[in-house]
Structures are given as C-alpha cells and as structure tokens.
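**Student:** Got a structure for you, written out below as structure tokens; questions coming shortly.
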Amino acid sequence: MKKIGDKIEEISIIKKLNTHKWMPLVWWSLLVAILPYAFSICRVPIVWRIGVLFFVINCFIAYHVGNLIIKLQLNKWWILLMPIVFCLAILPKFALYNLMFGLIYLIIEVFGLMNKNIYR
C-alpha cells in the first residue's frame with residue numbers, strides 16, 4: 001500500500017498541489033465525498049453506512065479538519081469546505097435527510113477549532 005501512495009505522490013500535478021499548506025483539508029474533504037459511494041459499491045447496509053460512516057468516521061474527520069485549520073493557521077472560512085463538499089457529493093444519489101450531516105460536520109469542525117477550550 002505504501003508503494004501505491006509513493007507512486008501517487010510522484011505525479012507532478014500532485015507534487016505541485018501538495019506544496020500548498022491547505023491541501024490536507026482538500027484531501028480530507030475529497031475522502032469524505034468519496035466514502036459514501038465506496039460504501040454503496042461495497043453494498044454496506046444503509047443503517048451501517050449512516051451509523052459508522054456518517055456518524056463515526058466523518059465526525060472524526062471533521063474534528064481533525066478543525067484542528068488542522070488551527071495548526072496550519074488558515075482562515076476560519078475553511079471550515080465550510082468539508083460540509084459543502086459533502087453536501088454536494090450526496091445530493092445526486094442519497095436521501096435529502098443526509099444533508100443535515102453537513103450541519104453536524106460544521107458544528108464538529110467548530111469543536112475542533114476550539115482545540116480543547118470547549119468549557120472556557
């Protein structure tokens with residue numbers, strides 16, 4: 001698996017993109033957009049897809065993205081990227097009630113921005 005990752009990183013376009021400090025946010029957002037379709041292709045039942053993917057995995061990624069915004073010293077508007085990409089990705093195929101997860105991810109990203117100062 002590491003060899004595949006090394007080959008992907010050697011592509012000239014990927015090298016140029018990875019020079020920007022905001023690219024980890026874009027990669028995480030793309031992962032969040034691709035995972036629902038990957039789970040559908042693998043025929044994961046809807047209950048497990050919503051429970052495991054939308055609640056656990058994507059919420060963890062949202063918190064991590066919030067922390068990354070602070071660590072990379074980016075503008076606060078970057079918190080909108082992941083929820084917007086997620087909502088645009090699920091619109092064509094999934095039920096509209098899944099759009100509420102975009103709001104949930106935004107709230108969890110704000111918790112990540114707070115960086116352990118939730119109670120202060």
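The values are calculated or read from the model by the stated rules, or taken from the named source; none is laboratory data. In this text the structure is predicted, and so the values were computed from the model without any measurement. Quick reminder, even Gly has a Cβ in these numbers, built from the backbone with ideal geometry, and neighbours come from all protein chains shown.
**Student:** With L91, L106, L81, L72 as the choices, which residue is without any contact (Cβ under 8 Å) to a residue 24 or more places away in the chain and of a type outside the set (F, W, Y)? Walk me through it before giving the result.
**Tutor:** On the way: L106 fails: without any contact (Cβ under 8 Å) to a residue 24 or more places away in the chain; L81 fails: without any contact (Cβ under 8 Å) to a residue 24 or more places away in the chain; L72 fails: without any contact (Cβ under 8 Å) to a residue 24 or more places away in the chain.
Going through L91, L106, L81, L72 in turn, the sole match is L91.
**Student:** Among the numbered criteria (1) assigned to a helix (DSSP H, G or I); (2) at pLDDT below 90; (3) loosely packed, with under 14 Cβ neighbours inside 10 Å; (4) not small (G, A, S), which one does T19 miss?
**Tutor:** Failed condition: (1).
**Student:** Here's something else I'd like to know. Being closer than 22 Å to L81 by Cα, touching a residue at least 24 places away in the same chain (Cβ under 8 Å) and of a type in the set (G, A, S) is the filter here, so list the residues in the range 15-59 that pass it.
**Tutor:** Of everything in the range 15-59, those that are closer than 22 Å to L81 by Cα, touching a residue at least 24 places away in the same chain (Cβ under 8 Å) and of a type in the set (G, A, S) turn out to be S29, A33.
**Student:** If V44 satisfies all but one of (1) within 25 Å of K21 (Cβ to Cβ); (2) part of a loop (DSSP other than H, G, I, E, B), what's the number of the condition it fails?
**Tutor:** Unmet condition: (1).
**Student:** Then there is this: Does I69 qualify as being closer than 20 Å to N115 by Cβ and either buried (at least 18 other Cβ atoms within 10 Å of the Cβ) or more than 17 Å from the chain's Cα centre (by Cα) (or both)?
**Tutor:** Yes, satisfied.
**Student:** Looking at L113, L88, can you tell me which residue is surrounded by 11 or more Cβ atoms within 10 Å (Cβ to Cβ), at pLDDT 90 or above and out of contact with any His (no Cβ under 6 Å at 6 or more places or on another chain)?
**Tutor:** Matching residue, one of L113, L88: L88.
**Student:** Which number in (1) of a type in the set (A, V, I, L, M, F, W, C); (2) over 11 Å from the mean Cα position of the chain (by Cα); (3) at pLDDT 90 or above marks the one condition that A33 misses?
**Tutor:** Condition (2) is where A33 drops out.
**Student:** Continuing with the same structure: Picking from I61, I50, which residue would you name as being at pLDDT 90 or above and of a type in the set (V, I, T)?
**Tutor:** So the residue among I61, I50 that is at pLDDT 90 or above and of a type in the set (V, I, T) is I61.
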